[in-house]
Amino acid sequence: MNSRNVFRALAGAIRFNGTKLNRSQWYSSRKCHSNSKNESGQTNSGQLSYVQRMKMLQNLREKTGMTEEVIRNGKCLLYFKGDPLLTDDFEIAWMDFADLCVEPKLFLENALLLGMTDAGQFQFAVQIAGFGPELKQAVINKSQGNFTDFRLSLMMMSTSESALASKAKAIFNWHRRNTHCAKCGSPSARNSTASCRTCHKCEEVWYPSLSPVGIVLVADSLKTKLLLVRQGRHPKGMYSCIAGYVDSGETLEEGIRREVAEEVGLTVLSVDYKASQHWSFPTSNLMIGCHAIVSGNEALDVDTSELEDARWFTVEEVRRSLNAIKSNPLETMSSVKEGTNNFFVPPRGTLAHALIDSWLINN
Ligand SMILES: [Zn+2]
């Protein structure tokens, strides 16, 4: 997905907000109803402990598998050609299996186990593109949600929901690209929860893979400025943190020191781990977020084959941009597009946003 497509979707989302405001009101009432029925958000009654939920998910994956009874009692995150069904507030527009009016067998072939709510309701993700052309419009009408550009969704959703959307997309992609055994070349088959594939011939079991990516917010040693960079595939005007794959044989710290040296020509003096996040764009990655210090006296030497731009911003510039993207992300992003704003930092669904936020809180 390139930035043009992201902004086509962004523009659509903005128009949508402007013309169908009643949808969010409808969803507010729907969410309250859902909480009282399934998630008990305001009370502790009926909630399972973390350990209970993990044991139930493990049992489903490793022993019982997904059955018709299980899917009838769960709730579904729908995808159409890689885009999730969301409300206009970028929340998951959960649907019941019964709402889809499809055979359980067809559902199971296109679904995966996503997780479980605190109240013990299983969560699934399902791709509906193979369910017939009428279903897409039917679920849009019924849910009043919309299939939303995947990358825009990740940036705009809450952290907890973007984690679910990211996980589902990564697992669907892995199964699509790994239909045969890497050991003997024979076809493999997925299990019912989609947590693994087993080779028909040699019975080797394969699990979805992910790659470690170091992502780092760089500050000078006096903590007066922050380094942010632009990749060509970023939405127009967005400046983010330096990121790159950790190579085989490297520690996280070595990978980050190398990426900063390669991409902007600076020497990292210290690296501190802060947080991690799964990110399924463009492939399945474990983003490992750090803060780093450089001396600030070296000149930037930007690798233009990797980056479109890299700049030092004052702490106040970054703080203003963060506050703007927090308070009104769509307006802030579109104001850059229209030329009334210089830059923006990534929205809330991203680890870069969290790294910038935590740096500003603690410095
Ligand atoms: Zn095999």
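Here is a check on your reading of the model: is SER280 hydroxyl-bearing (Ser, Thr, Tyr), more than 16 Å from the ligand (Cβ to nearest atom) and buried (at least 18 other Cβ atoms within 10 Å of the Cβ)?
Details: hydroxyl-bearing (Ser, Thr, Tyr): yes; more than 16 Å from the ligand (Cβ to nearest atom): yes; buried (at least 18 other Cβ atoms within 10 Å of the Cβ): yes.
So SER280 fits the description; yes.
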Practice item. Could you pull out the residue among GLY289, GLY349 that is surrounded by 15 or more Cβ atoms within 10 Å (Cβ to Cβ), within 25 Å of SER166 (Cα to Cα) and in contact with a strand residue (DSSP E or B) (Cβ under 7 Å, 6 or more places away or on another chain)? Key: GLY289
Review point. If you check SER153, SER160, which single one turns out to be in contact with an Asp or Glu (Cβ under 8 Å, 6 or more places away or on another chain) and either in a helix (DSSP H, G or I) or within 16 Å of the ligand (Cβ to nearest atom) (or both)?
Key: SER153
Review point. What about VAL139, is it within 27 Å of MET287 (Cβ to Cβ), among the β-branched types (Val, Ile, Thr) and over 9 Å from the mean Cα position of the chain (by Cα)?
Key: no
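From the list ALA111, ALA129, pick out the single residue that is in contact with a Ser or Thr (Cβ under 9 Å, 6 or more places away or on another chain), among the small types (Gly, Ala, Ser) and closer than 27 Å to ALA189 by Cα.
ALA111
Regarding the range 253-260, can at least one residue be identified that is acidic (Asp, Glu), crowded, with 20+ Cβ neighbours inside 10 Å and more than 22 Å from ILE92 (Cα to Cα)? Working first, answer last.
To start, the set of residues in the range 253-260 that are acidic (Asp, Glu) comprises 253-254, 259.
Narrowing further to those that are crowded, with 20+ Cβ neighbours inside 10 Å: 259.
Filter once more, so that each one left must be more than 22 Å from ILE92 (Cα to Cα): 259.
Yes, the range 253-260 contains at least one residue that is acidic (Asp, Glu), crowded, with 20+ Cβ neighbours inside 10 Å and more than 22 Å from ILE92 (Cα to Cα).
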Exercise for review: Among residues belonging to the range 214-228 that are β-branched (Val, Ile, Thr) and either buried (at least 22 other Cβ atoms within 10 Å of the Cβ) or at pLDDT below 95 (or both), point out the one that is nearest to THR179 (Cα to Cα).
Suggested key: ILE215
Exercise for review: Go over the candidates SER240, SER270 one by one and state the one that is in contact with a His (Cβ under 9 Å, 6 or more places away or on another chain), surrounded by 21 or more Cβ atoms within 10 Å (Cβ to Cβ) and hydroxyl-bearing (Ser, Thr, Tyr).
Suggested key: SER240
Practice item. Tell me, please, whether a residue that is closer than 21 Å to ASN342 by Cβ and out of contact with any Pro (no Cβ under 7 Å at 6 or more places or on another chain) can be found in the range 282-301. Key: yes
Point to revise | Candidate set from the range 322-363 (those that are modelled with pLDDT under 90 and among the acidic types (Asp, Glu)); member that is farthest from SER158 (Cα to Cα) | key: GLU338
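In the range 320-330, what residues are in contact (Cβ under 8 Å) with a residue 12 or more places away in the chain and surrounded by fewer than 17 Cβ atoms within 10 Å (Cβ to Cβ)?
Residues of the range 320-330 that are in contact (Cβ under 8 Å) with a residue 12 or more places away in the chain, as a first pass: 321-322, 324-326, 329-330.
Listed by number, the list holds a single entry, LYS326.
Residues SER188, SER211, SER192: which one is over 23 Å from PHE344 (Cβ atoms), out of contact with any helix residue (DSSP H, G or I) (no Cβ under 7 Å at 6 or more places or on another chain) and buried (at least 18 other Cβ atoms within 10 Å of the Cβ)? Before the answer, list the steps.
Numbers: SER211 fails: buried (at least 18 other Cβ atoms within 10 Å of the Cβ); SER192 fails: out of contact with any helix residue (DSSP H, G or I) (no Cβ under 7 Å at 6 or more places or on another chain).
One residue alone meets the criteria, SER188.
Show me the strands (runs of 3 or more DSSP E) found entirely inside the range 177-266 where at least 2 residues are without any contact (Cβ under 8 Å) to a residue 60 or more places away in the chain, more than 24 Å from LEU154 (Cα to Cα) and within 16 Å of the ligand (Cβ to nearest atom). Steps first, answer last, please.
On the way: elements: 188-190, 197-199, 211-220, 225-230, 242-245.
Fully inside the range 177-266 and qualifying: 188-190, 197-199.
The values are calculated or read from the model by the stated rules, or taken from the named source; none is laboratory data. All values reported here derive from a predicted model rather than from experimental measurement. Here the Cβ is made from the backbone with ideal geometry for all residues, glycine too, and neighbour counts use every protein chain on show.
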